[in-house]
1. When each pair of different Cα atoms in the chain is counted once in the 1/r mean, what is the Kirkwood radius in angstroms, to one decimal?
2. Give me D for segment 54-181 in µm² s⁻¹, whole number, from Stokes-Einstein with Rh from the Kirkwood sum over alpha-carbon pairs, 25 °C and 0.890 mPa s.
3. Compute the distance in nm between two label points, each set 7 Å from the Cα along the Cα-to-Cβ direction, one at residue 74 and one at residue 162.
4. Please list 104, 131 in order of solvent-accessible area, largest first, computed with a 1.4 Å probe with all protein chains present.
5. With N residues in segment 108-267, what two-decimal value do you get for its Cα radius of gyration over 2.2 N^0.38 Å?
6. Per the helix-only calculation at 222 nm, which mean residue ellipticity applies to the chain, given -39500 (n - 2.57) for every DSSP H run of n ≥ 4 and division by its residues, nearest 500 deg cm²/dmol?
7. Report, ordered by chain and residue number, the aspartates and glutamates lying within cross-link reach of residue 162, taken as a straight Cα distance under 16 Å and ignoring same-chain residues fewer than 8 apart.
8. Pull up all non-local amide H partners of residue 250: gap of 5 or more, or a different chain, and H-to-H distance under 5 Å with H placed in the peptide plane.
Amino acid sequence: KTSWRLFQIVFLVSQIPGIASLSERSGFNSRDREKVDIVYFPTGGGKTEAYLATIVFHCFYDRLRGKKAGVTAWTRFPLRLLTLQQTQRVADIIGLADIVRREESDPRLSGSDVDGFAVGYFVGQGGSPNEIVNPNGTINPGPEIQITWSKVIDPEARQDWKRVIRCPSCGKIKGKTTVTLDFDITSNRLIHRCNQPNCKFQQGIIPVYIVDNEIYRYLPCVIVGTIDKLAGIGNQRKFSLIFGQVDGRCSLHGYYKGRCCQKDCSD
């Protein structure tokens, strides 16, 4: 794609007052937040690029207005297969946006206390694990915990959970994917890693989270999920983290509400 379509530019520009009104110093009226705009266009017309442009603008603006971490946007789709496809597309643009963010000299964007941009794949059990817990030393670990753990520590089996097959920085090398799924036992995190030596991501780690509990713990700026996940708001304590209700940050496992989100953490 080498150019914008006019409606994409118009849509992005029309959203700027509503986004800018989040800052009290912007001069925009907060009532702009009460408006809802709908993009209606045939399949293949460029809707995704229109709303992704708006999301990327919003992510950068959040950092510039002092929001150092947390969720900026949550996109929801009716089907898991569609969600999976959109996750790759969102990861492509958000991954490149994070590379741009890191190269900026403004400490509001690239400061050591500022979280990078990342994407969360939020569909739950069946599409990816809800949670990863080490059953060793856990009192009465359930079968779900044991099955998940046995798959997580198997280098071949865990590749079934790979949800991003193309590195946003490197793309595909001669038609082959450069991405593998690793597991960091210290942080209990599944990592999509690009194995190209010149990859622009630090240590080749692609900024993508696919485990529900990791999304609560690390709060990626953009969440891509299915419509039904919103139902968890009434029975999942950690859901409040998505809406900014954070009590602290564990040195090993990220943000928490009340206590560390990782069950087997002693911190």
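The values are calculated or read from the model by the stated rules, or taken from the named source; none is laboratory data. Remember, predicted model here, so these are calculated numbers, not experimental data. Note that we place each Cβ from the backbone using ideal geometry, even for glycine, and neighbour counts take in every protein chain shown. Note: accessible area is taken over every heavy atom of the protein model, side chains too, but ligands, DNA and RNA are not part of it. Shrake-Rupley method; radii C 1.70, N 1.55, O 1.52, S 1.80 Å.
1. Numbers: mean 1/r = 0.0507 Å⁻¹.
Every distinct Cα pair counted, the radius reaches 19.7 Å.
2. Details: Rh = 17.0 Å.
Value of D from the Cα-based Kirkwood radius: 144 µm²/s.
3. Placing both labels 7 Å along Cα→Cβ, they lie 3.0 nm apart.
4. Numbers: 104 80, 131 40 Å².
Of 104, 131, the descending order of accessible area is 104, 131.
5. Details: Rg = 16.0 Å, N = 160, 2.2 N^0.38 = 15.1 Å.
Computed over Cα atoms of segment 108-267, the ratio equals 1.06.
6. On the way: 6 runs with 78 residues, N = 267.
Rounded to the nearest 500, it is -9500 deg cm²/dmol.
7. 92, 131, 154, 182, 184, 212, 214
8. Distant-sequence amide H within range of residue 250: 255, 256.
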